[in-house]
């Protein structure tokens, strides 16, 4: 599992166990040295929780995918890091830490920069500098430099795999510095780079050919019309041409697909394209923004998605029964369909005589928690569980939000919501944590609080409270704006986040 085998460095300087769990950071750079993070108290606490099958410390996303049977969408699946470790390596690097994790991580993940040349509609200015510019916002500071690469060197010497995401990796100088260090220290390390496919030049080619690189190109549509409407600033034909170049240089290619409201109708055609070209396929589950998330479609919309995907005639796909890339791609598509069915099940009205999946049960618990919280803020009674299918939940949340707006002056709403979230913590907040929730209240008050509630309702409120309690206030505010964007007038930049 992730905290036992990996570290993830994000664009804010947070060090996480994986890219999904932003609620429970295990360190922060440059405040903490890299070596101290790996052996620190926060990492040990997260390891102990997962060893006890406790997913409550920010691991909700994987718990949801596991509950719905979509194991391919478990983004923090790191068991293979253990399974693929040679016996000799284990003998030479025995676990020595108090919590019995290995002395060196086997995987390092980097999302170090927001430098990007696209304005993808499911993205935000906290991941793309192009969106920041289009919104008229200052660019985010970049915390990683030469000292960071120097601290990484002993880790790079021992690591088995490294992965690069974030912005466009081939635009970030710090990434090239790490690749150069790997050529010197550990050229056999497996390197994975997720790119938008817009950049191909001699410097990029030397990286791909000089290391053991696996390239993943993000392609979210089969037609140029849909692709260029999602990936603003990209040329569909050019990206496909570059994908062919990457495939030739790396000896293969992976495609990453964000299955969303805007492209679900083209997903079967993307599967066919990948099969025809022999490219591996993987799906990303998009949860934010909610107007892109399939999980937010409601029962009617999800019913249409499931019906269309179920009608995909995979029997006609060559190689489907023979194994290999095609069979693997079809299995991943089947897992994505299972996830959609789980969302459809969760969107149905609750019944007492039907056994639901863990994923659906978790969605209903989340809706119940938000109804109870907003009802308390509004001084009203919330609807019973039987009315909390996705459609009923949205209507009930709107009713309670209207009550909250009527009962609480706008200037006090941010502090009231922050206080209600703080009350969900298992332990009373100390002065440091209380100050973080005060900061949250001020951040919420800067724009429409009720707009934020609708966006935040995609996550359990107790989980958001955990994130606030564990995060530096400035980073927390940035995450809040990234995951739950404030209500702003539409900008001329066209960014859909």
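A short reminder: the numbers here are calculations on the coordinates, not readings from a lab. These figures come from a predicted structure and were not determined experimentally. Note: ideal-geometry Cβ built from the backbone for every residue, glycine included; neighbour counts use all protein chains shown.
Things to note:
- Where N is the number of residues in segment 258-347, Cα Rg divided by 2.2 N^0.38 Å: 1.08
- For segment 408-462, fraction of C-alpha pairs farther apart than 16 Å, in %: 40
- Label-zone membership for segment 252-266, site residue 228, 7 angstrom Cα→C-beta point, backbone N under 18 Å: 263
- Normalising the Debye intensity of segment 108-166 to I(0), with uniform scatterers on Cα atoms only, and taking log10 at q = 0.16, 0.17, 0.20, 0.23 Å⁻¹ returns -0.60, -0.65, -0.79, -0.90.
- Between residue 447 and residue 135, full extension at 0.36 nm per residue minus the direct alpha carbon distance yields a gain of 110.7 nm.
- Between residue 407 and residue 185, the modelled label-to-label distance comes to 5.6 nm, taking each label 7 Å out from Cα in the direction of the beta carbon.
- Cα centroid of segment 205-281 to Cα centroid of segment 150-194, whole Å: 22
- Going from the residue with the fewest nearby Cβ atoms within 10 Å to the one with the most, 244, 266 rank 244, 266.
- Cβ-Cβ FRET estimate between residue 376 and residue 334, R0 fixed at 41 Å, reported to 0.05: 0.45
- Sorted ascending by nearby beta carbons within 10 Å, beginning with the fewest, 209, 180, 458 become 209, 180, 458.
- Sorted from longest to shortest, the spans of the Cα atoms of segment 389-428 along the three principal axes equal 34, 26, 10 Å.
- Difference of contour (0.36 nm per residue) and Cα-Cα distance, residue 157 to residue 36: 41.8 nm
- Between residue 203 and residue 474, the FRET efficiency estimated from the beta carbon spacing at R0 = 45 angstrom works out to 0.85.
- P(r) tail for segment 358-483: Cα pairs beyond 18 Å make up 51% of the total.
- The ellipsoid that matches the Cα gyration tensor of segment 209-263 has semi-axes, each √(5λ) in whole angstrom, of 23, 12, 8, with the longest given first.
- Fraction of the pair-distance distribution of segment 195-305 above 17 Å, Cα-Cα pairs, percent: 56
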